[in-house]
Structure formats: C-alpha cells, structure tokens
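First comes the structure, then the notes that go with it.
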Amino acid sequence: MAHPARRAQIIGTGLVGGSVGMALRAAGWFVTGSDVDPAHADRALERGAVDAVGTDADADLVVVAAPVGRIPGLVIGALADHPQAAVTDVGSVKAPVVAAVGDPRFVGGHPMAGSEQDGIEGSRPDMFGGAVWVLTPTGHTDPGSYALVHSAISELGADVVTLAPGGHDAVVAMVSHVPHLTAATLMGLAARRSEDQAVLLRLAAGGFRDMTRISAGHPGIWPDICAENSDAIVDVLDELVAELAAVRDIVAGGDRDGLLVRLDEARRARLHLPGPAMRPDGLVELLIPMDDRPGQIAAVTTAATGSGVNIYDIEIAHSTEGERGTLIVLVDAALAGGLVDLLRADGYQVSPRSLG
C-alpha cells in the first residue's frame, strides 16, 4: 500500500518560497501555498510551485518565506494554525526572530541562495542544490521538529550548517549584508560619475559587473534586514571603512610593498574559499544516546559545524521505555573520528556504525 505523501505549507510564494515549494514537490511532498496577495499564490500554482492554494491543517512542515520584519507574526500564526507541525523560516536575520517567537517547534532557518529575479517567476526547483542552509536551534528547540526540518532541507540538496542565532547574524553581516551594501554603494557611485563621464558604464565589464551583480537584487527586503541586524552590520561597516582608509593611505603613499602584501593575502584567502559540499562516497552513522529533551540536538549539531563536519541526515529513534532516545547522524566516514572524539570529550556516548 502506498504511503501518504508528506505535507508542507508554504507561507509566502515569492522567489524563495516558490523555489522551496518546487523543490519539496520534486522530493515527493504535497505542498500547499498561501500569500498575502492571492494572485501570487495562484501564480505559484500555475508555475507548479504548489499542489494547492490555501491552508493545510495537516501539514507536517511549515515554511515561512516573507520579509524579516513580518516573519515573527507569521510564524506565531503558523504555530497556532498547525499545532502538530514543525515550523521554519527563510529570513536572513535570526536572533530577533528566534527571540520573538520563543516556541520549541520553531527552527530558525536561512538558505544562502537567491537570484536577481523577483517573485515567483524567478523560482526554480534546483535553487538550493549545493547551497548552504543555516539552521539556528536553541536549548529549547524540540528535537523532533529540528530533525524533520533538517531532513527536509537535506532532501533539497542543501548543505545544512548549524549555528547559534546570534552567531549566524554576525557571520551573515560579514558575508552577505555588508557585501550587498558595498556593491550597492559602488554601483551608485559609478552611476553618479557616469553623468559626467558618459563612457564609464560602457567600460564597466568583467570584474566590475561581477562585484556589483548582487546590487541588482530586490531592494525591498533590505530596510528590514538592516534594521533587525543593525549592530552586526555597523560593526562590519566600521571595520571595512577602517580597512579602506588604510588602503587609501598605502596607495596615496606609493607603498608598493604594503599594497602587494594586502593583495597577496586577499588572493590566497579567496583561493581557499570552500566550494559546495559534495556528498562523500563513504558515510557512517553515529549513534548518540541522550535524554529526549530540548538542548541536546542543538549541542551535537553545533559541535559538528564547529569541527567542520557536515551532517547529511539526522534521525531520532525514541525508546519504547522511559524518556531516553538515540540521535542518529549520518556523516562523512573520513571525518567522523574527530567529531566522535569531540562529543565523547563532552560526555556523550557515541557509537559509530558502518553502512556497509
């Protein structure tokens, strides 16, 4: 007898929400979508991003895809409307959202993927293949909800990384928020100069186009992002301004050696950026007995991220007696030893199990 399809609810059927819906459908989920603008949800249905429009009270998973400022209210509403579901979001700021929601079934999330295209027309089912998708569980996160969200995202081909909410916001300010503001500022400067130098934008090829490409993204999401993550963004901007001032002095002073040192350091750092995580040929399961209570799963998954070990799948095997259970994580066999040692040092009993 065929098993019923897993069910997902997408709240917000724009670029990312539509892409999540398409990817979940491709993975065998039944997806229902809703949007503040009913025409957007109808178009998502036409494009194949959802199976149905409306609210699915039986959804196992709810994904909130909306501007950061609206996410807490939508998540709280989703938790009430779907009392059995795990709820996650796709916002690029996490600490204020997680703090505002404060519910164990909510798992903060942020896919590091997107497009210069706007809305459902830019959605595609392969958007998350090889992309990093951050989850931000806390000590109060429900283990079952986390396991469901992690497993669903892994099915979409994403590389799941676990961080504390505040840690996520500090990192993303550096690698996403400030780069966008920098690209937009540089593009604005070039546009203003082009008024006096008509040929300027015609010469803007190669590196300039690559560096400013992200400034073509939809501007509407950025006021919320900058308001919610202002402290971390300002910290990075202050450091960037100081570094640019130092480079200005090097150039103004004709310090060729100093300039070469900086450029060489940047080149080497850029060449060592990690590429997309590929699923290794050899995998091993780590069985970790633990109390069936919040906090345990966040500690283990955060330790894995900190030690550079990707978790490809995660499962909780509940004990038939008592409140004990076993956390089962699937990791690269070649890297498992370091994670096992780290977890054992933290007091966990870890048993590796070969899949062969």
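The values are calculated or read from the model by the stated rules, or taken from the named source; none is laboratory data. Quantities reported herein were computed from a predicted structural model and do not represent experimental measurements. Cβ: placed from backbone, ideal geometry, glycine included. Neighbour counts: every protein chain shown.
Worth pointing out:
- Some residue of the range 34-52 being at pLDDT 95 or above, more than 21 Å from the chain's Cα centre (by Cα) and of a type in the set (Lys, Arg): yes
- For the range 309-342, the set of residues classified as buried (at least 17 other Cβ atoms within 10 Å of the Cβ) and at pLDDT below 85 consists of ILE316, GLY325, listed by residue number.
- Residues that are over 12 Å from LEU61 (Cβ atoms) and either free of Cβ contacts under 8 Å to residues at least 60 places away in the same chain or assigned to a helix (DSSP H, G or I) (or both), drawn from the range 135-145: THR136, PRO143
- Residues of the range 150-161 classified as part of a helix (DSSP H, G or I) and surrounded by fewer than 22 Cβ atoms within 10 Å (Cβ to Cβ), total: 3
- Annotation: LEU273 fulfils all but one of (1) in a helix (DSSP H, G or I); (2) without any contact (Cβ under 8 Å) to a residue 12 or more places away in the chain; (3) out of contact with any helix residue (DSSP H, G or I) (no Cβ under 9 Å at 6 or more places or on another chain); the unmet one is (1).
- Of the residues contained in the range 194-213, none is found to be within 17 Å of the chain's Cα centre (by Cα) and either closer than 30 Å to ARG43 by Cβ or outside any helix (DSSP H, G or I) (or both).
- Evaluation of GLN84 against the conditions (1) surrounded by fewer than 22 Cβ atoms within 10 Å (Cβ to Cβ); (2) in contact (Cβ under 8 Å) with a residue 40 or more places away in the chain shows that the sole unmet condition is (2).
- Lone qualifier among ALA184, ALA131, ALA147, ALA170 - being buried (at least 16 other Cβ atoms within 10 Å of the Cβ), among the small types (Gly, Ala, Ser) and within 13 Å of the chain's Cα centre (by Cα): ALA131
- Of the residues in the range 289-298, at least one is touching a strand residue (DSSP E or B) at 6+ places or on another chain (Cβ under 7 Å), closer than 21 Å to PRO352 by Cβ and in a helix (DSSP H, G or I).
- Of all residues in the range 243-283, those that are closer than 30 Å to VAL340 by Cβ and either modelled with pLDDT of 90 or more or among the aromatic types (Phe, Trp, Tyr) (or both) total 0.
- Failed item, numbered, when THR13 is tested on (1) surrounded by fewer than 24 Cβ atoms within 10 Å (Cβ to Cβ); (2) in a loop (DSSP other than H, G, I, E, B); (3) within 23 Å of the chain's Cα centre (by Cα): (1)
- Those residues of the range 224-269 which are out of contact with any Cys (no Cβ under 7 Å at 6 or more places or on another chain), in contact (Cβ under 8 Å) with a residue 24 or more places away in the chain and either of a type in the set (Phe, Trp, Tyr) or in a helix (DSSP H, G or I) (or both), in sequence order: ASP224, ILE225, CYS226, ALA227, GLU228, ALA232, ASP235, VAL236, LEU237, LEU240
- Selection status of ASP89, buried (at least 24 other Cβ atoms within 10 Å of the Cβ), at pLDDT 95 or above and either farther than 20 Å from PRO137 by Cα or among the acidic types (Asp, Glu) (or both): yes
- Candidate set from the range 293-308 (those that are more than 17 Å from GLY167 (Cβ to Cβ) and surrounded by 17 or more Cβ atoms within 10 Å (Cβ to Cβ)); member that is modelled with the highest pLDDT: GLN296
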